[in-house]
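Computed from the coordinates by the stated procedures, all read-outs in this text should not be read as laboratory data. Just so it is clear, the structure is predicted and the values come from calculations on it, not from any experiment. Cβ coordinates were reconstructed from backbone atoms using ideal geometry, including for glycine residues, and neighbour counts include every protein chain displayed.
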Amino acid sequence: MPARRAIQHDRRGAQSTSMNQPALIRVSQLRHRYANAAVLALDDVSLSIPQGCNFGLIGPNGAGKTTLLSILTGLQAVQFGSVAVAGMDVARDGRRIKSISALVPQDNAFYGGLTGRENLRFFADVYGLTNAQWRERLEYCTGVCSLGESLDKRVAQYSGGMKRRLNLAIGLLNAPQILYLDEPTVGIDVLSRRVIIEAIQAMRTQSTTVIYTSHYLEEVEALCDELAVIDRGRLVARDSTANLLQRGSQQSLLLSFAQVPPPSALQALQRWQPHALHAQQFELSVPQSGDLETIMQRCNAQQLPITQVQFGISRLERIYASLLQHQTGEAEAQP
């Protein structure tokens, strides 16, 4: 693991400017197949990641996210294609790339028999920090991860959330340019989750580039300026978060009903292709805002009591589900 830097940032401003920043990471036609695997783990993936942005990498389990992270961080060799990080080729300059990168894995990577302070000191020595750098980084890392009161306890006594915070603090020690976060908040308490989210938000003022994977899409939506969606080893979408949400909001009407609508009532709305999100919640495709009145009239005629209406608002979870459904449809259509 390596480490990272610190920051305070307005995400809205970042979304409007990060696409104009120079690319720090360039992936071109990347393919990867594991031994004895019937299909490719990565299939012709090409993307660029600008310097200084929070970049979300999302997709279902087995989509290829971890494989891509492993290649970017040098844990897996490039089989086909090319990967450049900060102008350096991963295949040739892996050691230099690792010196400016940090990976905080989903699994904890420290020594349970040591205290938090001893773990941090050990990794500071691995990074080659001077005593002055150690003192400075210890103060910052323990502060941003809220570990001060637990530093001298054995890590085996830490809660799951505290262990995740220590995992992040170890990564922050060396202040790298690029930070890879693999599911940093999965399965932890609310307080630890908030601490980690705030720590990620604080990594922006020194132009740290954060690559963030998570199944908690509300976190991704709140934290990430840009997104890539991967499914079955292929790149399904790549855009700014704002553009992806706007893309869905142009035609999306969300209706929540007080009861489960009968098939006959849904048939009256068939023109707008109602898609069930839950038994009593449906998403309709509405190309023109003028259709709204007609839809409401038909709901009244079918005696469908509406409890909530959302139009022009799109959440990442819905866009994500739509992209994956479209991808599944294309795959099933293949001969």
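Relative to the longest principal Cα axis of the chain, at what angle does helix 116-127 sit, 0 to 90 degrees, rounded to 10? That helix lies at roughly 80 degrees to the long axis. Database remark: amide H of Val236 closer than 5 angstrom to the amide H of Val229, Ile230, Asp231 (H placed geometrically; neighbours at sequence offset of 5 or more, or on other chains; Pro and chain starts carry no H). Shape index of the chain: Rg/Rh, with Rg the Cα radius of gyration and Rh the Kirkwood radius from the inverse mean 1/r over Cα pairs, equals 1.04. In the chain, the DSSP beta bridges split such that about 65 percent are antiparallel, to the nearest 5.
Counting only alpha carbon atoms, the long axis of helix 291-301 and the longest principal axis of the chain meet at about 60°.
Taking Cβ atoms as reference points and 14 Å as the exclusive limit, the residues near Gly160 contribute a net charge of +1, counting Lys and Arg as +1 and Asp and Glu as -1.
In the distance distribution for the range 91-169, Cα-Cα pairs more than 14 Å apart total 63 percent.
With a Förster radius of 30 Å applied to the C-beta separation of Leu266 and Val39, the computed FRET efficiency comes to 0.25. Residue-wise HN-Hα couplings along the range 172-183, as the Karplus relation 6.51 cos²θ - 1.76 cosθ + 1.60 with θ = phi - 60° gives them from phi, are 6, 4, 8, 6, x, 6, 10, 10, 9, 10, 9, 6 Hz; Gly and Pro carry x. Between the helical axis of 316-333 and the longest alpha-carbon principal axis of the chain there is an angle of about 80 degrees. Amide H contacts of Met203: Ile7, each under 5 Å away and 5 or more positions distant or on a separate chain (H built 1.01 Å from N in the peptide plane; Pro and chain starts excluded). Straight-line cross-link reach from Lys65 at under 23 Å between alpha-carbon atoms covers these lysines, not counting any fewer than eight positions away in the same chain: Lys98.
The distance linking the range 122-162 with the range 178-200 is 16 Å (Cα centroid to Cα centroid, whole angstrom).
Label-to-label distance for Ala91 and Gln79 is 1.4 nm, based on points extended 7 Å past Cα in the beta-carbon direction. Spatially, the range 268-286 and the range 37-116 are offset by 39 Å when compared through their Cα centroids. Protection proxy ranking, highest mean first, for peptides 166-176, 114-124: 166-176, 114-124, where packing is the per-residue count of other beta-carbon atoms within 10 Å, averaged.
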